[in-house]
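For reference, the structure discussed in these notes is given below.
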Amino acid sequence: VSVLKGPREEIVYVPCIYRNTGRKKPDFLATVDVNPKSPHYCQVIHRLPMPNLGDELHHSGWNTCSSCFGDATKKRNRLILPSLISSRIYVVDVGTDLRAPRLFKVVNSEDVFWKCNLGYPHTSHCLGSGEIMISTLGDPAGSGKGGFILLDGETFEIKGNWEKGDKVPPMGYDFWYQPRHNVLISTEWGIPKCLGYGFDPNDLKKGRYGRRLNVWDWTTHTYVQAIDVGEDAAPLEIRFLHNPAAAEGYVGCTISSAIHRFYKTEKGDWAAEKVIQVPSKKVEGWLLPDMPGFITDILISLDDRFLYFSNWLHGDIRQYDISNTRKPKLVGQVFVGGSITKGGPVTVCRDEELQSQPDPFFIQGKRVPGGPQMIQLSLDGKRLYVTTSLYSAWDRQFYPDLIRDGSVMLQLDVDTERGGLTVNQSFLVDFGQEPDGPCLAHEIRYPGGDCTSDIWV
């Protein structure tokens with residue numbers, strides 16, 4: 001797949017969260033102007049509030065993916081917004097007015113619970129069948145369960161579960177599929193009722209955080225294999241290479257702060273190998289004596305040349321050259337916040353990577369709270385967008401300033417020749433300045449599709 005020659009992004013959609021902030025407001029979908037020629041550059045130009053409180057909007061996906069299936073009649077005119085905590089699923093009309101989305105349909109949580117025996121929906125992807133598939137973290141009671149909801153692509157009614165057979169994984173989170181290899185692979189975060197209130201170190205070593213990549217047979221919808229990536233690894237975001245012939249990709253493990261490459265073996269099953277390990281830092285003045293990087297989001301450039309990920313606790317974003325997929329090479333790194341900055345409450349006692357603690361990150365006179373979290377890359381690979389909120393219950397715990405000041409969106413300029421990342425100092429979207437008070441901005445989506453929503457088949 002060559003790099004998409006799509007138009008430069010002019011607006012992006014970002015879910016913004018008020019749950020756990022103490023502000024009794026519904027979450028909303030923000031439309032942000034990212035066109036440098038626009039008088040509204042770096043401003044929220046539209047807000048679509050949800051009709052309920054406490055949803056915890058999180059990730060989003062498209063109703064269709066014309067790039068995947070070559071069907072010109074399919075329009076990317078509905079954005080699917082599952083609510084991680086309330087289990088409602090919102091369908092948003094972005095086709096009528098790209099810059100001013102409107103609510104199209106609400107799928108009630110009762111439907112999710114009763115029709116699928118699932119809850120805590122996370123990732124949505126469109127399928128070639130015209131349906132929409134959404135992964136879940138658990139069952140309605142908040143126990144772990146890795147299943148999938150199917151929505152009709154026209155009516156957006158729940159059709160039932162995608163998975164068949166008696167076997168289901170103990171947990172769920174993200175997924176990616178590749179029909180050419182007859183496979184879907186899903187990941188595991190943790191048991192919803194445990195992580196719902198925050199990160200409790202007492203939950204570690206008790207099987208409450210995920211450790212497996214779960215392999216499904218794409219044709220029969222059955223669960224066929226588990227790949228163990230380590231106790232309490234918490235494998236989150238999973239990405240195949242974009243080239244549909246490639247039978248490999250990467251997954252970011254949060255708590256273990258490792259990147260594993262997964263691949264199809266000669267036998268035809270799947271395996272994983274660790275290819276990057278971010279060393280923990282020995283610290284004082286923090287929750288634990290060892291601070292993991294906390295890899296929370298990863299993505300692969302559309303030409304499959306670079307891998308990017310964020311270390312939400314350490315505060316850096318990294319770029320790796322993956323020309324040799326088994327030996328990623330670090331070519332870019334920049335610190336934009338994090339928990340180990342100079343003058344803060346945390347003292348780093350031993351660090352295998354840095355000579356000194358990074359400086360606090362300021363942009364346009366504002367000290368940025370939190371750490372780099374969700375990332376999205378422009379189609380040409382030259383601009384990396386970053387937001388700083390992970391999930392409201394964990395934000396509140398790890399970065400209380402984020403609740404007080406709101407999150408931000410930043411943009412990094414990427415050297416696509418040799419590798420390298422630099423902060424674009426003229427770009428700042430400050431969600432601390434929202435009319436209803438500071439909020440937590442999460443995933444970034446482009447109207448035309450992007451690196452993390454499109455699956456080529």
Global size of the range 97-214 as Cα Rg and Dmax, reported in angstrom: 15.3, 49
Virtual spin-label span in nm between HIS40 and LEU103, 7 Å along Cα→Cβ: 2.1 nm
26 Å Cα-Cα threshold exceeded, pairs from LYS327/LYS366; LYS37/LYS105; LYS205/LYS274; LYS329/LYS366; LYS329/LYS382; LYS74/LYS105: LYS327/LYS366; LYS37/LYS105; LYS329/LYS366
Cα convex hull of the chain, projected area averaged across orientations, nm²: 19.9 nm²
Cleavage-rule hits, GluC sites (Glu not before Pro), the range 230-294, DSSP coil, Cβ neighbours within 10 Å at most 13: GLU266
Relative contact order, percent, the chain [alpha-carbon distance under 8 Å, six or more residues apart]: 13 percent
Formal net charge of residues neighbouring ASP401 (Cβ-Cβ distance under 13 Å; K, R +1; D, E -1): +2
Å² per residue, accessible surface of the chain at 1.4 Å: 36 Å²
Rg and Dmax of the range 19-140, Cα atoms only, in Å: 15.6, 49
With every protein chain in place, the chain: carbon and sulfur % of accessible area (1.4 Å): 48 percent
When the range 169-235 is reduced to its Cα atoms, the Kirkwood hydrodynamic radius in Å: 12.5 Å
Neighbour net charge for GLY370 - beta-carbon separation under 10 angstrom, K R +1, D E -1: -3
Contour minus Cα-Cα distance for THR422 and SER356 (0.36 nm per residue): 21.8 nm
Mean-position separation - Cα centroids, the range 3-37 and the range 412-444, in angstrom: 11 Å
Within-13-Å neighbourhood charge of ASP174 [Cβ basis; K, R +1; D, E -1]: -2
Potential extension, SER129-ASP415 segment - 0.36 nm per residue separation minus Cα distance: 99.2 nm
The chain - mean residue ellipticity at 222 nm from DSSP helices (-39,500 (n - 2.57) per run, n ≥ 4, rounded to 500): -1500 deg cm²/dmol
Estimated inter-spin distance, GLU10 and LEU330, nm [label 7 Å along Cα→Cβ]: 4.0 nm
Along principal axes, Cα extents of the range 251-371, largest first, whole Å: 53, 33, 21
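The values are calculated or read from the model by the stated rules, or taken from the named source; none is laboratory data. Since we're looking at a predicted model, the values are computed, not measured. Virtual Cβ from ideal backbone geometry, glycine too; neighbours counted across all protein chains shown. All accessible areas refer to the heavy atoms of the entire protein, side chains included, with ligands and DNA or RNA removed. Shrake-Rupley method; radii C 1.70, N 1.55, O 1.52, S 1.80 Å.
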